[in-house]
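**Student:** Submitted below is the structure of interest, expressed as structure tokens.
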2 protein chains.
Amino acid sequence: MQLSRRMNYLKASEIRDLLKLTEQPEMISFSGGMPAPELFPSEVIRQAMNSVLAEKSEIALQYACTEGYTPLREKIAHRMEAKFQVRLTKEQVLVTNGSQQCLDFTGRLFLDEGSVVLCESPTYLAAINAFRAYMPRFVEMPTDSDGVKPDCLEKLMKTIDGIRLIYVIPDFQNPTGNSWSLERRKAFMDVISRFDIPVLEDNPYGELRYEGRHLPSLMSMDKKGQVVFAGTFSKILCPGFRVGWIAAEADIIRKYALLKQGADLHTAIATQMCIHEILETFDLESHILKLQQVYRSRRDIMLDAISRFLPGYVQPSRPQGGLFLWLTLPDGMNARELLEKSLRNKVAFVLGGSFFPNGGHENTMRLNYSYSPEAVIVEGIRRLGEVMV
Amino acid sequence: MQLSRRMNYLKASEIRDLLKLTEQPEMISFSGGMPAPELFPSEVIRQAMNSVLAEKSEIALQYACTEGYTPLREKIAHRMEAKFQVRLTKEQVLVTNGSQQCLDFTGRLFLDEGSVVLCESPTYLAAINAFRAYMPRFVEMPTDSDGVKPDCLEKLMKTIDGIRLIYVIPDFQNPTGNSWSLERRKAFMDVISRFDIPVLEDNPYGELRYEGRHLPSLMSMDKKGQVVFAGTFSKILCPGFRVGWIAAEADIIRKYALLKQGADLHTAIATQMCIHEILETFDLESHILKLQQVYRSRRDIMLDAISRFLPGYVQPSRPQGGLFLWLTLPDGMNARELLEKSLRNKVAFVLGGSFFPNGGHENTMRLNYSYSPEAVIVEGIRRLGEVMV
């Protein structure tokens, strides 16, 4: 049977294959991007779902509106103002199956074969995979630990033909953990506002800041309706419900709704109603403070263990939030050889090279610090150190 | 901002726009394809979800495997054997967000721009919309109330270039309610087995038979691994959880898993585990018998009301199962004018023309009989009759 040409561009994620390996007993995994399961507010979620299914089952179990559960869309709009300084109405919000679905739909909405996607270097692996289904070409924007370099961006915008989407993660980026400075945010918006190209601001980690002051979202600086924002409850509540959202101008949301209708009609309504109930009855903001506290401490423990157990030539990022650390090895070293050894020594990480759509950078690695308890983090870094000597 | 070319092919479903109209008070809606909400086993579902969230929350709220919850995949494989006479392992099953997502992924897996999809005439509107995102050309196979005509199919297979997918709904089709005869099923499989083209057997209604004997699924007659089967819990349990499945050869399932990973990582794990718990603790088969009883009676009531209240020139289908009736008006009559009048008289249906990808057939209409109680069905058909004189 003949498959579509796009299947030539899609391959299994190395993270995913690794996740299977990491199911071995005694394996310490720094590979996934999973929240700490012991911090899920399980009892709150159970009670909220119970109340939805006891009191509103005829709605919660039936087909529902493609755009999402209206009261939840209103709550999301309200939270977006409090958290990201963007004023929205419910017509500017569409509920998706996690923010991954926003990545897929964004590719579907804006990309034709051969279209150019500008992205950070490195960028989120699963975004590369989502966009690849639409067969674009990726151009990496020169990026340092403060974000995309605006002069380079301007040059790219003026010289590259066929740019149709700019994809960025300004807050505590996956994979590096780096965040854009305020100056870089302003300069970025200044450059892109002179072009008519949509920007996807992927923001799963923005509420998980452990130090420093909150910086404005790109969407809050957007005067043209050019920014599409992808948000999610996966990192601040739980990923297992797969509830995220897209925020954008209402006429763009209507296009996303057309895509959502064809893709899966709507996101499960029972889980949407449960999250709405949680937002009504639970102090999510205090819960997020608790997450920040635990993850801050895990980050510190991991950075400390790195300085104790890893060779001095390892350069770690020092993220102010999010779930990930990024390690850079000396030029010429290959993290793949290290990964093979470290898996045998029962510790897993993700190859940094996977996060560069055009390859290279084999001397980099991504470590997750949110999932493992502190003692496990120390032991995992110690094991990693054993195979790095 | 420039949108992708595929957006030119996508437009809002008339059903969806109608569903908004039907939210008016006192409107009787025969338009959606909704199950009867009063028949949802709400208490069973509530208890199952409660037990999952009380006992297995660290799994139910976390990220999960792309292919689906393994014990649920095993149960689905087992039920597929009991219900559709197909022997499967869990590696041949992938869980999706309702069977709509299978339609989307099937387009994504097999179609390039300009590829030909063969479909019944008429065929399911939302499948047309799902496939349109991949910009194929639709060729309608000559179809009567016994199914696709095999001699016509063979001719099409031999003369049309670029056929990449055959999409069919052999059991109680949406929109007509018609089912393929055993002879037609055999003849269809005989023809297509001589070609290397995948067949998508969409089967949301197969378990809702109200009379006549069960007929084998196309997949059970497939000797080559050519048939992909789309199933769902939406019609036999509840649609609000958005849990469906794809059954196919293991190597094809691996391709679907790649697509699922890029599209939304996985289907909500809490709802999958809840359905697994229900299959463990609840007699779903007795529940389906109850659905059959109620829907059979609603079908009979609607057919009876049609013969009493509608003009003699209206030709209804007489489905042996499923959720829909199909009405054919005399040639030259336009159901759109009738719809405008009937909406003013507070009764809604769907234009049959929407179900023909290449247009025409304006003299047809689809009525749903599963959603409304019997007295409402009678009153709705009476109202329809009032505007048909």
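The values are calculated or read from the model by the stated rules, or taken from the named source; none is laboratory data. Only a predicted model underlies this, so the values are computations on that prediction, with no experimental measurement involved. No Cβ is skipped: glycine too gets one built from the backbone with ideal geometry, and neighbour counts run over all protein chains shown.
**Student:** At least 2 residues that are aliphatic (A, V, I, L, M) and within 14 Å of chain A (Cβ to nearest Cβ) in each: list the strands (runs of 3 or more DSSP E) lying fully within the range B:150-267 that qualify. It would help to see each step written out before you state the result.
**Tutor:** Values: elements: B:163-168, B:199-202, B:227-232, B:244-247.
Where strands (runs of 3 or more DSSP E) fall fully within the range B:150-267 and carry at least 2 residues being aliphatic (A, V, I, L, M) and within 14 Å of chain A (Cβ to nearest Cβ), they are B:163-168, B:199-202, B:227-232.
**Student:** Picking from A:Ile236, A:Ile269, A:Ile275, A:Ile246, which residue would you name as being surrounded by fewer than 24 Cβ atoms within 10 Å (Cβ to Cβ) and either under 21 Å from A:Ile59 (Cβ atoms) or among the aliphatic types (A, V, I, L, M) (or both)? So that I can check it myself, show each step before the final result.
**Tutor:** On the way: A:Ile269 fails: surrounded by fewer than 24 Cβ atoms within 10 Å (Cβ to Cβ); A:Ile275 fails: surrounded by fewer than 24 Cβ atoms within 10 Å (Cβ to Cβ); A:Ile246 fails: surrounded by fewer than 24 Cβ atoms within 10 Å (Cβ to Cβ).
That would be A:Ile236, the only listed residue that is surrounded by fewer than 24 Cβ atoms within 10 Å (Cβ to Cβ) and either under 21 Å from A:Ile59 (Cβ atoms) or among the aliphatic types (A, V, I, L, M) (or both).
**Student:** In contact with a helix residue (DSSP H, G or I) (Cβ under 9 Å, 6 or more places away or on another chain) and either within 21 Å of B:Leu109 (Cα to Cα) or modelled with pLDDT of 95 or more (or both), is that true of B:Asn203?
**Tutor:** Working: in contact with a helix residue (DSSP H, G or I) (Cβ under 9 Å, 6 or more places away or on another chain): yes; either within 21 Å of B:Leu109 (Cα to Cα) or modelled with pLDDT of 95 or more (or both): yes.
For B:Asn203, the condition - in contact with a helix residue (DSSP H, G or I) (Cβ under 9 Å, 6 or more places away or on another chain) and either within 21 Å of B:Leu109 (Cα to Cα) or modelled with pLDDT of 95 or more (or both) - is met.
**Student:** Can you name every residue in the range B:191-226 that is more than 26 Å from B:Glu154 (Cα to Cα) and in contact (Cβ under 8 Å) with a residue 40 or more places away in the chain?
**Tutor:** Answer for the range B:191-226, where residues must be more than 26 Å from B:Glu154 (Cα to Cα) and in contact (Cβ under 8 Å) with a residue 40 or more places away in the chain: B:Pro204, B:Tyr205, B:Glu207, B:Leu208, B:Arg209, B:Tyr210, B:Glu211, B:Gly212.
Quick grid of which residues meet (1) within 18 Å of the chain's Cα centre (by Cα); (2) more than 11 Å from every other protein chain (Cβ to nearest Cβ):
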| residue | (1), (2) |
| --- | --- |
| A:Glu38 | no, no |
| A:Gln62 | no, no |
| A:Arg87 | no, yes |
| A:Thr106 | yes, no |
| A:Phe110 | no, no |
| A:Val139 | no, yes |
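**Student:** A further question on this structure: On the given criteria, is A:Ala270 farther than 21 Å from A:Ile166 by Cα and more than 21 Å from the chain's Cα centre (by Cα)? Full working, then the answer.
**Tutor:** Numbers: farther than 21 Å from A:Ile166 by Cα: yes; more than 21 Å from the chain's Cα centre (by Cα): yes.
Yes: the conditions hold for A:Ala270.
**Student:** Tell me whether the range B:290-297 contains one or more residues that are among the charged types (D, E, K, R) and within 21 Å of the chain's Cα centre (by Cα).
**Tutor:** Taking the range B:290-297 as the starting set, the residues that turn out to be among the charged types (D, E, K, R) are B:290, B:296.
From what is left, the residues that are within 21 Å of the chain's Cα centre (by Cα) are B:290, B:296.
So far as the range B:290-297 goes, yes, one or more of its residues are among the charged types (D, E, K, R) and within 21 Å of the chain's Cα centre (by Cα).
**Student:** Write out, first by first residue and then by second, each pair whose Cβ atoms fall under 6 Å of each other, whose residues are 6+ apart or on separate chains, and whose first residue, in the range B:278-290, is within 12 Å of B:Leu39 (Cα to Cα) while the second is surrounded by fewer than 16 Cβ atoms within 10 Å (Cβ to Cβ).
**Tutor:** That search, which allows pairs on different chains as well, returns nothing.
**Student:** Kindly provide the set of residues from the range A:2-17 that are surrounded by fewer than 17 Cβ atoms within 10 Å (Cβ to Cβ), assigned to a loop (DSSP other than H, G, I, E, B) and at pLDDT 75 or above, ordered by number.
**Tutor:** Within the range A:2-17, A:Gln2, A:Lys11 meet the criteria.
Matching residues to (1) modelled with pLDDT under 95; (2) assigned to a helix (DSSP H, G or I); (3) within 23 Å of A:Leu259 (Cα to Cα):
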| position | (1), (2), (3) |
| --- | --- |
| A:Ile45 | no, yes, no |
| A:Met49 | no, yes, no |
| A:Leu53 | no, yes, no |
| A:Glu58 | no, yes, no |
| A:Gln62 | no, no, yes |
| A:Glu67 | no, no, yes |
| A:Pro71 | no, yes, yes |
| A:Ile76 | no, yes, yes |
| A:Glu81 | no, yes, no |
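**Student:** Quick check on my filter: what residues within the range B:89-102 are in a helix (DSSP H, G or I), more than 8 Å from chain A (Cβ to nearest Cβ) and in contact (Cβ under 8 Å) with a residue 40 or more places away in the chain? Explain how you work it out, then say what you get.
**Tutor:** At the first step, the residues of the range B:89-102 found to be in a helix (DSSP H, G or I) are B:90-92, B:98-102.
Those still in the list that are more than 8 Å from chain A (Cβ to nearest Cβ) too: B:90-92, B:99, B:102.
Hits for the range B:89-102 are B:Glu91, B:Gln92, B:Ser99, B:Cys102.
**Student:** Identify all residues within the range A:346-389 that are in a helix (DSSP H, G or I) and within 28 Å of A:Phe138 (Cβ to Cβ); write none if there are none. Full working, then the answer.
**Tutor:** Filtering the range A:346-389 for residues in a helix (DSSP H, G or I) gives A:352-355, A:374-386.
Matches in the range A:346-389: A:Gly352, A:Gly353, A:Ser354, A:Phe355.
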